[in-house]
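Asker: Below you'll find the structure I mean.
The values are calculated or read from the model by the stated rules, or taken from the named source; none is laboratory data. Since this is a predicted model, take the numbers as computed values, not measurements. Cβ coordinates were reconstructed from backbone atoms using ideal geometry, including for glycine residues, and neighbour counts include every protein chain displayed.
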Amino acid sequence: MKNLDEIANRMQARLDEKDTVREIAIKSSRAIIRTSSGIIHSIHRGEIVEDLYLEALDEAHRLRSLLEDHPDIWGSGLVEDALAEMAEASILKSVAKDQDLPDPDELNIPMTSYLMGFADSIGELRRFSLEALRAGNVESANKYLEMMEDMFIVLMRFDYPDALVAIRRKQDIARSVLEKTRGEVAVAINSMRLQDRIVELSRKL
């Protein structure tokens with residue numbers, strides 16, 4: 001057992017390195033979540049988010065480079081959640097600017113993280129729809145509802161075991177959010193039609 005210390009020291013060195021990398025990854029993931037959440041809130045306030053978006057994107061790229069030799073950490077829940085938040089922010093940014101959706105390969109993030117963010121963005125589109133309703137813009141509210149419906153149809157195509165991608169709960173949430181929004185927009189449309197009819201009848205009197 002002359003090599004016992006050598007093996008033990010080598011294992012300890014590797015685990016020390018992984019522990020250090022893991023701590024950096026945790027801080028980086030939290031930074032991505034914080035910045036991405038800021039992007040989402042700013043989008044709803046109609047603010048410019050380009051600088052924040054580039055900051056989140058750069059942090060995600062640095063994180064990927066850091067974890068190139070640590071795929072187990074790259075695939076961990078904390079990192080996946082952070083990248084999903086960034087995907088959601090990217091998707092909402094494209095919607096707000098009426099652009100094509102960002103490509104997960106161009107974002108350089110796993111497909112599963114992108115799919116999670118895609119699912120969560122349906123709930124944020126509900127906020128867009130409700131904000132439009134509060135502003136009295138039923139047409140815009142209905143436009144966001146149609147986007148939600150299109151995205152939900154795509155989301156439901158992913159019928160896989162949770163071991164592969166834990167999407168079922170998000171699908172259930174998206175369904176509930178869509179049904180609520182559909183009902184609220186329908187009420188607003190009927191109310192608008194009724195108001196138009198009242199105005200039309202009043203002109204004939």
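Table: residues versus (1) under 25 Å from Phe158 (Cα atoms); (2) part of a helix (DSSP H, G or I).
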{"site": "Glu55", "(1), (2)": "no, yes"}
{"site": "Asp58", "(1), (2)": "no, yes"}
{"site": "Leu63", "(1), (2)": "no, yes"}
{"site": "Ala84", "(1), (2)": "yes, yes"}
{"site": "Val95", "(1), (2)": "yes, yes"}
{"site": "Leu101", "(1), (2)": "yes, no"}
{"site": "Tyr114", "(1), (2)": "yes, yes"}
{"site": "Leu125", "(1), (2)": "yes, yes"}
{"site": "Gly136", "(1), (2)": "no, no"}
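Asker: Could you list, in sequence order, all residues of segment 38-63 that are out of contact with any Leu (no Cβ under 9 Å at 6 or more places or on another chain) and surrounded by fewer than 15 Cβ atoms within 10 Å (Cβ to Cβ)?
Answerer: Those that are out of contact with any Leu (no Cβ under 9 Å at 6 or more places or on another chain) and surrounded by fewer than 15 Cβ atoms within 10 Å (Cβ to Cβ): His41, Arg45, Gly46, Glu47, Ile48, Glu50, Asp51, Leu54, Asp58, His61, Arg62.
Asker: Something else about it: So is Ser42 under 23 Å from Ile73 (Cβ atoms) and under 15 Å from the mean Cα position of the chain (by Cα) or not?
Answerer: Details: under 23 Å from Ile73 (Cβ atoms): no; under 15 Å from the mean Cα position of the chain (by Cα): yes.
No; evaluated as a whole, the condition is false for this residue.
Asker: If Asp98 passes every condition in (1) on the phi > 0 side of the Ramachandran plot; (2) at pLDDT 95 or above; (3) among the acidic types (Asp, Glu) but one, which one does it miss?
Answerer: (2)
Asker: Being closer than 26 Å to Gln171 by Cβ and either assigned by TED's automatic domain parsing to the domain that holds Asp159 or among the aromatic types (Phe, Trp, Tyr) (or both) is true for just one of Ile33, Ile122, Ile39. Which residue is that? Working first, answer last.
Answerer: Working: Ile33 fails: either assigned by TED's automatic domain parsing to the domain that holds Asp159 or among the aromatic types (Phe, Trp, Tyr) (or both); Ile39 fails: either assigned by TED's automatic domain parsing to the domain that holds Asp159 or among the aromatic types (Phe, Trp, Tyr) (or both).
Testing whether each residue is closer than 26 Å to Gln171 by Cβ and either assigned by TED's automatic domain parsing to the domain that holds Asp159 or among the aromatic types (Phe, Trp, Tyr) (or both) leaves just Ile122.
Asker: Looking at (1) touching a Pro at 6+ places or on another chain (Cβ under 9 Å); (2) surrounded by fewer than 17 Cβ atoms within 10 Å (Cβ to Cβ); (3) hydrophobic (A, V, I, L, M, F, W, C), which is the only condition Ala87 fails?
Answerer: It fails just one condition, (2).
Asker: Could we say that Ile153 is under 19 Å from the mean Cα position of the chain (by Cα), exposed (fewer than 11 other Cβ atoms within 10 Å of the Cβ) and either in a helix (DSSP H, G or I) or polar (S, T, N, Q) (or both) here? Break it down into steps so the answer makes sense when it comes.
Answerer: Working: under 19 Å from the mean Cα position of the chain (by Cα): yes; exposed (fewer than 11 other Cβ atoms within 10 Å of the Cβ): yes; either in a helix (DSSP H, G or I) or polar (S, T, N, Q) (or both): yes.
Yes, satisfied.
Rundown of residues vs (1) under 13 Å from the mean Cα position of the chain (by Cα); (2) buried (at least 16 other Cβ atoms within 10 Å of the Cβ); (3) within 25 Å of Ser65 (Cβ to Cβ); (4) small (Gly, Ala, Ser), yes/no style:
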site: Asp100; (1), (2), (3), (4): no, no, no, no
site: Met111; (1), (2), (3), (4): yes, no, yes, no
site: Met116; (1), (2), (3), (4): yes, yes, yes, no
site: Ala132; (1), (2), (3), (4): no, yes, no, yes
site: Ala135; (1), (2), (3), (4): no, no, no, yes
site: Val138; (1), (2), (3), (4): no, yes, no, no
site: Asn142; (1), (2), (3), (4): no, yes, no, no
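Asker: Let me ask something else. Based on what the data block shows, is Val79 under 15 Å from Ser113 (Cβ atoms) and either modelled with pLDDT under 95 or in contact with a helix residue (DSSP H, G or I) (Cβ under 8 Å, 6 or more places away or on another chain) (or both)?
Answerer: On the way: under 15 Å from Ser113 (Cβ atoms): yes; either modelled with pLDDT under 95 or in contact with a helix residue (DSSP H, G or I) (Cβ under 8 Å, 6 or more places away or on another chain) (or both): yes.
In short, yes.
Asker: Output the qualifying pairs, or none if there are none: Cβ atoms under 6 angstrom, residues six or more apart or on different chains, first residue in segment 90-110 and outside the structural domain of Ala141 (by TED's automatic domain parsing), second residue in a helix (DSSP H, G or I) and acidic (Asp, Glu).
Answerer: Leu92/Glu124
Asker: Kindly evaluate Ala82 against the criterion of being in contact with a Ser or Thr (Cβ under 9 Å, 6 or more places away or on another chain), under 19 Å from Ile33 (Cα atoms) and either assigned by TED's automatic domain parsing to the domain that holds Ser29 or surrounded by fewer than 24 Cβ atoms within 10 Å (Cβ to Cβ) (or both).
Answerer: Taking the combined requirement at face value, the residue satisfies it.
Asker: Looking only at segment 168-199, filter to residues that are of a type in the set (A, V, I, L, M, F, W, C) and modelled with pLDDT of 95 or more; which one of those is surrounded by the fewest Cβ atoms within 10 Å (Cβ to Cβ)? Can you show your working first?
Answerer: Our first condition is that a residue be of a type in the set (A, V, I, L, M, F, W, C); within segment 168-199, this holds for 173-174, 177-178, 185-189, 192, 194, 198-199.
Next, only the ones that are modelled with pLDDT of 95 or more stay: 173-174, 177-178.
On the way: Ile173: 14, Ala174: 24, Val177: 19, Leu178: 20.
Result: Ile173.
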